[in-house]
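The values are calculated or read from the model by the stated rules, or taken from the named source; none is laboratory data. These numbers were taken from a predicted model, which means no experiment stands behind them. Here the Cβ is made from the backbone with ideal geometry for all residues, glycine too, and neighbour counts use every protein chain on show. Keep in mind that these areas ignore ligands, DNA and RNA; they rest on the heavy atoms of the full protein, side chains included. Shrake-Rupley method; radii C 1.70, N 1.55, O 1.52, S 1.80 Å.
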Amino acid sequence: QTDIKRVLANSTISQLGYMFLAMGVAAYAAGVFHLLTHAFFKACLFLGSGSIIHAMQGEQDMRQMGGLRKVMPATFWTFTIAVLAISGTPFLAGFFSKDAILWQAWASGNAVLWSVGVFVAGLTAFYMFRQYFMVFFSACRADDHVQEHLHESPKIMTWPLWILAAGSIAI
């Protein structure tokens, strides 16, 4: 996918898969915990994508983006935290909730489901970092008019981003 919001919407499907895996291996608390952690990092990612779309004057195609870390530092840092959390980086919310689900899959004696869960975690990290690097680190491919008007979103958007990023760490 190249639409910034579609990538995030599709990643929700894989996270729902984790929640269903939790229910399947009787890790009910872990599944609900993942639902809670997912709420923080996914809300941060969607609001961050809205901030990016706002700066890009409505453009949603990631192939037209790039280099936004320089002009959108608040969006960049909060998006970074959320991408790390959804990718299962140790000590962030997604790590603890996914780890609890994977542990229960392993402890229930189902190595196949555990293997699928580990594979999906790696796949999620891959496509989230693909999005992250396309949007923030590659060369900006937007037309000159859009590039001239790139800017950080107002505080009404960045403050909630910081709150959601904090939740992606602390929850």
What is the calculated FRET efficiency for His151 to Val118, with r their C-beta to C-beta distance and R₀ = 41 Å, to the nearest 0.05?
0.50
Roughly to the nearest percent, how much of the accessible area of region 41-141 is carbon and sulfur, given a 1.4 Å probe?
71
Counting all C-alpha pairs of region 20-73, share separated by more than 18 Å (%):
51
Rounded to whole angstroms and listed largest first, the alpha-carbon spread of the chain along its three principal axes comes to 57, 28, 21
For region 1-142, the per residue accessible area (1.4 Å probe, Å²) is 44
In nm, to one decimal, how far is the Ala39 label point from the Arg69 one, both placed 7 Å along Cα→Cβ?
3.1
The farthest towards the positive end of the charge dipole of the chain, of the residues Thr37, Leu8, Phe129, given +1 on Cβ of Lys and Arg and -1 on Cβ of Asp and Glu, is Thr37
Which helices pass in the chain if a helix is a full DSSP H run, must span at least 27 angstrom along its long axis by Cα, and must have mean Kyte-Doolittle hydropathy not below -0.5?
4-24, 28-55, 111-136
In debye, nearest 20, what is the charge dipole magnitude of the chain about its Cα centre with +1 on Lys and Arg Cβ and -1 on Asp and Glu Cβ, if you could check?
240
How many lysine pairs does region 1-156 hold where the Cα atoms are under 21 Å apart and the two sit 8 or more places apart or on different chains?
4
